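Shown next, in structure tokens, is the structure this report addresses.
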């Protein structure tokens, strides 16, 4: 019986260590026009996935867009659901003519975010501020976990955003 209890303690301890090593986490967003502020009537939809490494110094992301016409760019913005906020990281840079992404799935895959990807923002309520100060990926994780980060994809027809989704931990 003691051996069994001892073995269980080792397994539980190992699981805790593994969980701590992956503490940064995976975050996803379901992107739709209905989530835009104001809502956009569109057939375009998508998904974003961001996976942070164990020491929060890099994150790999994937951006999937379906039925997108003349998609110009994609970003992470800071703001809660129902509120527009400033860009804190570029996921796909500007192409003013746009891309038609019908049949391309995913649109962007295996791209990396680092601290240098972050557009620094001060804390506050102004149009260029975030709910918390953002200077690095650790701040971005805190922002996401607080419900204050969303992915936004823009198009020629909808330059303010055609699809949007709040990032949540998976």
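The values are calculated or read from the model by the stated rules, or taken from the named source; none is laboratory data. This one's a predicted model, so the numbers in the text were calculated from it and none came from an experiment. Every residue, glycine as well, gets a Cβ built from its backbone with ideal geometry; the counts of neighbours run over all protein chains shown.
Could you tell me whether residue 65 is touching a strand residue (DSSP E or B) at 6+ places or on another chain (Cβ under 6 Å) and either surrounded by fewer than 16 Cβ atoms within 10 Å (Cβ to Cβ) or over 23 Å from residue 127 (Cβ atoms) (or both)? Give the steps one after another, and end with the answer.
Values: touching a strand residue (DSSP E or B) at 6+ places or on another chain (Cβ under 6 Å): yes; either surrounded by fewer than 16 Cβ atoms within 10 Å (Cβ to Cβ) or over 23 Å from residue 127 (Cβ atoms) (or both): yes.
Taking the combined requirement at face value, the residue satisfies it.
On the basis of being under 18 Å from residue 110 (Cβ atoms) and surrounded by fewer than 19 Cβ atoms within 10 Å (Cβ to Cβ), does residue 42 make the cut? Don't jump to the end; show me each part of the working.
Working: under 18 Å from residue 110 (Cβ atoms): no; surrounded by fewer than 19 Cβ atoms within 10 Å (Cβ to Cβ): yes.
No: the conditions fail for residue 42.
Restricting to segment 22-42, and then to whatever is part of a loop (DSSP other than H, G, I, E, B) and modelled with pLDDT of 95 or more, can you tell me which residue is nearest to residue 60 (Cα to Cα)? If you could, list the steps in order and put the result at the bottom.
To start, the set of residues in segment 22-42 that are part of a loop (DSSP other than H, G, I, E, B) comprises 22-25, 36-42.
Right, trim to modelled with pLDDT of 95 or more and you get 36-42.
Values: 36: 24, 37: 27, 38: 29, 39: 29, 40: 28, 41: 30, 42: 28 Å.
Here the answer is 36.
Put simply, of 147, 74 the only residue that is part of a strand (DSSP E or B) and in contact with a strand residue (DSSP E or B) (Cβ under 8 Å, 6 or more places away or on another chain) is 74. Of all residues in segment 85-103, those that are within 13 Å of residue 68 (Cβ to Cβ) have Cβ atoms under 6 Å from Cβ atoms of residues that are not in a strand (DSSP E or B), 6 or more apart or on another chain, in 98/70; 98/156; 100/69; 101/68; 101/107; 102/67. Residues of segment 69-112 being crowded, with 20+ Cβ neighbours inside 10 Å, modelled with pLDDT of 85 or more and over 21 Å from residue 126 (Cβ atoms), which ones? Within segment 69-112, 71, 72, 73, 74, 91 qualify.
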